[in-house]
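Student: So that we are looking at the same thing, I have put the structure below in structure tokens.
None of the figures in this text is laboratory data; all of them are computed from the coordinates on show. Note that the structure is predicted; figures quoted are calculated from it, not measured. With ideal geometry, Cβ positions are generated from the backbone for all residues, glycine too; neighbour counts draw on all protein chains shown.
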Amino acid sequence: MSLESTSTSISKSEFLASLPPWRRWLAKLNWHPTIDAQIREHESEKRTKLLEKEDKRLAVIESKLDALLLNAD
């Protein structure tokens, strides 16, 4: 799994759709001064989760390689 192949961006409309109804209503009133910051935060959280998952996967592979090297000696 490559990091480049996974899209972590979210469009403004997708973000608004993920909000509760009362928040979407406020967004329609244009009372959402931090929406861009919230989108960036959401993207950052997704990216962090993806990197943590990748770290765990690499740790498993590394432990398997270490076991193979120990058996080769």
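Student: Just tell me which lysines come within less than 24 Å, Cα to Cα, of LYS28; anything on the same chain fewer than 8 places away is out.
Tutor: Partners found: LYS12.
Student: For the pair ASN71 and LYS49, how long in nm is the line joining their label points, each one 7 Å along Cα→Cβ?
Tutor: A separation of 3.5 nm, rounded to one decimal place.
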